[in-house]
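Have a look at the structure below before the remarks.
What follows is calculated from the coordinates using simple rules that are stated; it is not laboratory data. Just so it is clear, the structure is predicted and the values come from calculations on it, not from any experiment. Cβ: placed from backbone, ideal geometry, glycine included. Neighbour counts: every protein chain shown.
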Amino acid sequence: MAALLLGLLLFAMQSPPIPSRPVVDGGPPFPPTLSPTDNGTTSHPNGTFQQLPQIIIIGVRKGGTRALIEMLSLHSAVAAAQNEVHFFDWESHFQKGLPWYLSQMPYAFPNQLTVEKTPAYFTSSKVPRRIHQMNPDIKLLLILRDPTERVLSDYTQVFYNRLQKHKRYQPIESVLVKDGEINLGYKALNRSLYYIHMQNWLQYLPMESIHIVDGDELIRDPFPEMIKVERFLKLEPQINASNFYFNKTKGFYCLRDHGRERCLHDSKGRAHPHVAPAILQKLYQFFHEPNKKFFELVGRTFNWK
């Protein structure tokens with residue numbers, strides 16, 4: 001009996017204390033199945049494995065995220081998730097924890113980096129802290145367009161979605177303007193107030209961890225923008241001008257990879273609805289000050305009207 005008690009005492013002395021679930025910046029704890037240090041992988045017989053992403057394209061919606069991830073996939077050192085995961089912004093997904101998030105990642109070789117893209121991350125207030133908790137050294141790509149152009153693209157996407165489902169839609173003038181003034185209740189406008197959302201991100205991650213891709217330039221001439229992305233991610237230069245060719249029928253650049261050509265879906269690059277010049281002018285004026293604040297925040301200017 002004495003020997004048994006002595007053994008139990010020695011076991012208790014040697015066992016490390018059980019850590020409490022992590023809390024960062026006073027926020028709520030992670031779900032029970034999620035640990036920010038759990039970087040477990042799922043292996044495949046061919047030598048590939050699933051890993052948590054080292055790169056996340058955080059937005060913005062209708063900024064060109066699909067084009068960006070497709071172009072980044074041209075690099076042999078990148079493995080990209082094909083679907084938008086919505087792990088950090090959808091509670092139903094986040095509560096499943098990191099094991100579920102890991103299961104959504106592509107199989108990658110040991111020399112590859114994994115990337116996922118979910119445009120809604122940028123404008124979700126809870127996402128920056130959650131991503132920081134997972135990996136404070138994460139590399140983020142944010143692709144932005146002229147805020148007015150982004151609003152029009154946002155409306156166009158919703159318009160066609162409702163049209164295909166035979167649902168009623170509101171004319172663009174009625175959603176942009178209310179009682180003669182810009183309709184501040186229109187969600188698409190809020191998504192284009194970049195400085196508000198950027199302030200939240202910079203509370204958790206330094207500007208050095210975030211590379212802003214000029215979405216308007218990516219449309220006009222993708223190669224120079226992709227050189228900057230490679231440099232930011234410290235990737236060996238691989239993507240070159242021959243990877244891009246202009247498709248006159250579609251009106252935008254398509255990709256060429258080892259002789260195989262592919263273009264983005266027909267839903268991309270749709271023509272925007274006609275907007276009265278007076279309303280456009282109201283939009284440009286509305287975004288003037290927010291754009292100025294954003295430029296000061298990130299230390300960079302963009303050619304926005």
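Worth pointing out:
- Ranked for footprinting exposure by Cβ neighbours inside 10 Å, fewest first, 210, 131 give 210, 131.
- In summary, the convex hull built on the alpha carbon positions of region 50-104 has an orientation-averaged projected area of 4.0 nm².
- Residue order, fewest to most surrounding Cβ atoms within 10 angstrom, among 257, 137, 216: 137, 257, 216
- Remark: region 103-116, residue by residue, has Karplus-estimated 3J(HN,Hα) of 5, 8, 7, x, 6, 10, 7, x, 8, 9, 9, 9, 10, 10 Hz, where x stands for each Gly or Pro and the curve is 6.51 cos²θ - 1.76 cosθ + 1.60 at θ = phi - 60°.
- Cα point-scatterer Debye curve for region 36-298, base-10 log of I(q)/I(0) at q = 0.12, 0.16 Å⁻¹: -0.79, -1.34
- Relative packing of 258-264, 194-200, 283-289, which averages over residues the other C-beta atoms within 10 Å, highest first: 194-200, 283-289, 258-264
- Sorted by Cβ density within 10 Å, fewest first, the residues 201, 90: 90, 201
- Once you divide the Cα radius of gyration of region 148-215 by 2.2 N^0.38 Å, the number left is 1.42.
- Packing-based ranking, highest mean first, of 93-104, 78-89 given that Cβ atoms within 10 Å are counted: 78-89, 93-104
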